[in-house]
């Protein structure tokens, strides 16, 4: 059924969602799909980015068999229905197998390899993981080293299964790797074995009853960035199945090929992409372990589209901007659409991408706490630039004003801004840490997203900002998108992150950090003047613009604003200390659970530091 309008959404919803699928869990879904499309390609991975580089493709029958082997292995290692298998891996076919096998044997816990070892250890401890699947020591990556160090914080992990990427290489690299492989000292008491070798010893059908229901918890996904202790969200089979069903219902068929350079520890790749393929029989392609971050991926991207006959590409705004700095140097006529999420896509970038590629962009919205998908611009209907489209079938979105405890104070009408609140089959049951769930749900079970938004008169959803990202200047709320949209229109600018920097009078004032196009040149002062000409709201004019070599980004390519806030605090506080003649310096900015972002000061007199920094909103503390 074509998905073009809210009328189509209503047509889907005439049948209850529970009757849309005949399966109860992800392995049953995989079994059904392997039965339909067994010999067709399911999953492909290439370790290097060239259009002729070696790749491995698994058919649906083979992916089903390997998933069963992985699940049997995990059960043999003591993983029961409520036990946890974690994986700390870049992209590879084994990563998808660990995901599917882990949620079949028990609960799978994907972990971002870019986190610090201590954070990885905290997540392993929080989830009480019994088994960790991670990389074997390999040149040019420290994943194995991080894993070994992290285990000192997670005595609950008794088994480590390693994935050796050498098997994806060809000579001479495959011959060189053993000679330069780094050595890793695994903690005593942990049993280490090769993941593929151990899977190969297990049968290719499940050796235990598959009794999971749609309510059974199947995954723990940690949320958020690269500092502090991430929250751990619980997902059930029903939410995973819903995300896969949406993909098949509105996007993918068995004839489609989805190119996904996003990491498999993120919900975007795990659910709307992989689970959509598991539902529809479409083919998922992963280029390089690091996806978009992999060497040569952007340069070879269009050639990869041609190689695999890609029909749908998955991207985020920063990736779209990077691709627009490269020529379309291949036949991309198979490409029908680009699905874009994670952050709003600047309007000028949207227009440039469509003009250059002649490919539709489907902007969408999702979040870890909703398992993933919430809304999207309809593939066969009107696409509104800057909007995240209409809610998917069986998703109810309300724009609310809530009390801290979730009590609904007011439901907003069309074009009124409030908090986006979501209820659908993917709405998660909560975080593993109970205190983080306080006030998380509005009356009726609606998930409070923390995002601000509105519906227009046509029922399209618009995100106007993150509640926590608003720049509050003397009580005046400023949407950072106003600044970002203005600066991204400058021909030299590739990426923008606008934040509030501390201010002794107004609390905070706007500032912006930018990354330039390749080969471009412009100064912060010139961009300040450009902003003044293109931002009509005087309060939103940035007081400072800094050109950075590269903006900090999350693993999925979203500009990571906490690092920008740290940079701004350090810069502003250092200047304040210098102006006051205080012989002290800012040595760090940390995120404290008690006080939030806190400047760490070394040297100087406490009284003079307090006098210099006291008027600012963010606290300071002595270096240990």
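If you check 172, 182, 155 for being assigned by TED's automatic domain parsing to the domain that holds residue 115 and in contact (Cβ under 8 Å) with a residue 40 or more places away in the chain, only one passes: 182. Each residue in region 399-438 was checked for being at positive phi and either over 24 Å from the mean Cα position of the chain (by Cα) or not assigned by TED's automatic domain parsing to the domain that holds residue 275 (or both), and 2 of them qualify. Restricting region 454-474 to residues that are more than 15 Å from residue 537 (Cβ to Cβ) and at pLDDT below 80 leaves a set whose member that is surrounded by the fewest Cβ atoms within 10 Å (Cβ to Cβ) is 468. Six or more apart or on different chains, Cβ under 6 Å: which pairs go from a residue in region 105-132 that's without any contact (Cβ under 8 Å) to a residue 60 or more places away in the chain to one that's surrounded by fewer than 20 Cβ atoms within 10 Å (Cβ to Cβ) and outside any loop (DSSP other than H, G, I, E, B)? Could you list them? Listed pairs, sorted by first residue: 117/149; 121/153; 125/153. Out of everything in region 279-299 that is over 18 Å from the mean Cα position of the chain (by Cα) and in a helix (DSSP H, G or I), what residue ends up being farthest from residue 256 (Cα to Cα)? Applying the filter and picking the extreme gives 299. Applying the condition of being under 27 Å from the mean Cα position of the chain (by Cα) and crowded, with 18+ Cβ neighbours inside 10 Å to region 1-16 and asking which residue is nearest to residue 459 (Cα to Cα) yields 9. Would you mind stating whether residue 445 is touching a strand residue (DSSP E or B) at 6+ places or on another chain (Cβ under 9 Å), modelled with pLDDT of 90 or more and more than 30 Å from residue 543 (Cβ to Cβ)? Criteria met by residue 445.
Within the bounds of region 76-86, is there any residue that is surrounded by 23 or more Cβ atoms within 10 Å (Cβ to Cβ) and free of Cβ contacts under 8 Å to residues at least 40 places away in the same chain?
Taking region 76-86 and keeping what is surrounded by 23 or more Cβ atoms within 10 Å (Cβ to Cβ), we get 79, 84-86.
Among the residues that remain, those that are also free of Cβ contacts under 8 Å to residues at least 40 places away in the same chain are: none.
Checking region 76-86: not a single residue is surrounded by 23 or more Cβ atoms within 10 Å (Cβ to Cβ) and free of Cβ contacts under 8 Å to residues at least 40 places away in the same chain.
Could you tell me whether residue 519 is in contact with a strand residue (DSSP E or B) (Cβ under 6 Å, 6 or more places away or on another chain) and surrounded by fewer than 21 Cβ atoms within 10 Å (Cβ to Cβ)? Here the answer is no, as residue 519 does not meet what is asked.
Residue by residue, here is whether (1) under 30 Å from residue 148 (Cα atoms); (2) crowded, with 19+ Cβ neighbours inside 10 Å; (3) at pLDDT 95 or above holds:
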| residue | (1), (2), (3) |
| --- | --- |
| 24 | no, no, yes |
| 30 | no, yes, yes |
| 43 | yes, yes, yes |
| 61 | no, no, yes |
| 71 | yes, yes, yes |
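Of everything in region 227-250 that is within 21 Å of residue 286 (Cβ to Cβ) and out of contact with any strand residue (DSSP E or B) (no Cβ under 7 Å at 6 or more places or on another chain), the residue that is surrounded by the fewest Cβ atoms within 10 Å (Cβ to Cβ) is 248. Cβ separations smaller than 9 Å between residues 6+ apart or across chains give the following pairs from region 475-503 residues that are on the phi > 0 side of the Ramachandran plot to residues that are at pLDDT below 95: 475/506; 475/507.
Annotation: residue 396 fulfils all but one of (1) closer than 15 Å to residue 370 by Cα; (2) without any contact (Cβ under 8 Å) to a residue 60 or more places away in the chain; (3) crowded, with 19+ Cβ neighbours inside 10 Å; the unmet one is (3).
Yes/no per residue for (1) modelled with pLDDT of 95 or more; (2) under 18 Å from residue 132 (Cβ atoms):
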site	(1), (2)
179	no, no
190	yes, yes
205	yes, no
216	yes, no
236	yes, no
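The set of residues in region 302-316 being closer than 13 Å to residue 262 by Cβ and assigned to a helix (DSSP H, G or I) is empty. Restricted to region 389-401, and to residues there that are in contact with a strand residue (DSSP E or B) (Cβ under 8 Å, 6 or more places away or on another chain) and in a loop (DSSP other than H, G, I, E, B), the residue that is farthest from residue 485 (Cα to Cα) is 395.
If we keep just the residues of region 112-137 that are in a loop (DSSP other than H, G, I, E, B) and modelled with pLDDT of 95 or more, which is nearest to residue 162 (Cα to Cα)? Give the steps one after another, and end with the answer.
Taking region 112-137 and keeping what is in a loop (DSSP other than H, G, I, E, B), we get 112-116, 128, 136-137.
Those left that are additionally modelled with pLDDT of 95 or more: 128, 136-137.
On the way: 128: 19, 136: 5, 137: 9 Å.
Filtering region 112-137 for residues that are in a loop (DSSP other than H, G, I, E, B) and modelled with pLDDT of 95 or more, the one nearest to residue 162 (Cα to Cα) comes out as 136.
Checked against the criteria, residue 147 does not count as in the same structural domain as residue 236 (by TED's automatic domain parsing), at pLDDT 95 or above and more than 16 Å from residue 158 (Cα to Cα).
Every residue in region 362-388 that is assigned to a strand (DSSP E or B) and in contact with a helix residue (DSSP H, G or I) (Cβ under 6 Å, 6 or more places away or on another chain), please. Full working, then the answer.
Of region 362-388, the ones assigned to a strand (DSSP E or B) are 362-366, 373-376.
Listed by number, the list holds a single entry, 373.
For the structure I just gave you, tell me whether residue 331 is part of a loop (DSSP other than H, G, I, E, B), at pLDDT 95 or above and over 21 Å from residue 2 (Cα atoms). Answer is yes for this residue.
Per the conditions (1) modelled with pLDDT of 95 or more; (2) within 25 Å of residue 481 (Cα to Cα), the sole criterion not satisfied by residue 322 is (1). Every test in (1) out of contact with any helix residue (DSSP H, G or I) (no Cβ under 7 Å at 6 or more places or on another chain); (2) in contact (Cβ under 8 Å) with a residue 12 or more places away in the chain; (3) under 19 Å from residue 101 (Cα atoms) is passed by residue 35 save one, and that test is (2).
Scanning region 112-132 for residues that are within 20 Å of the chain's Cα centre (by Cα) and within 18 Å of residue 264 (Cβ to Cβ) yields 112, 113, 114, 115, 120, 123, 124, 127.
The values are calculated or read from the model by the stated rules, or taken from the named source; none is laboratory data. What you see is a predicted model, and the numbers here were worked out from it, not measured in a lab. Note that each Cβ is placed from the backbone with ideal geometry, even for glycine, and that neighbours are counted across all protein chains shown.
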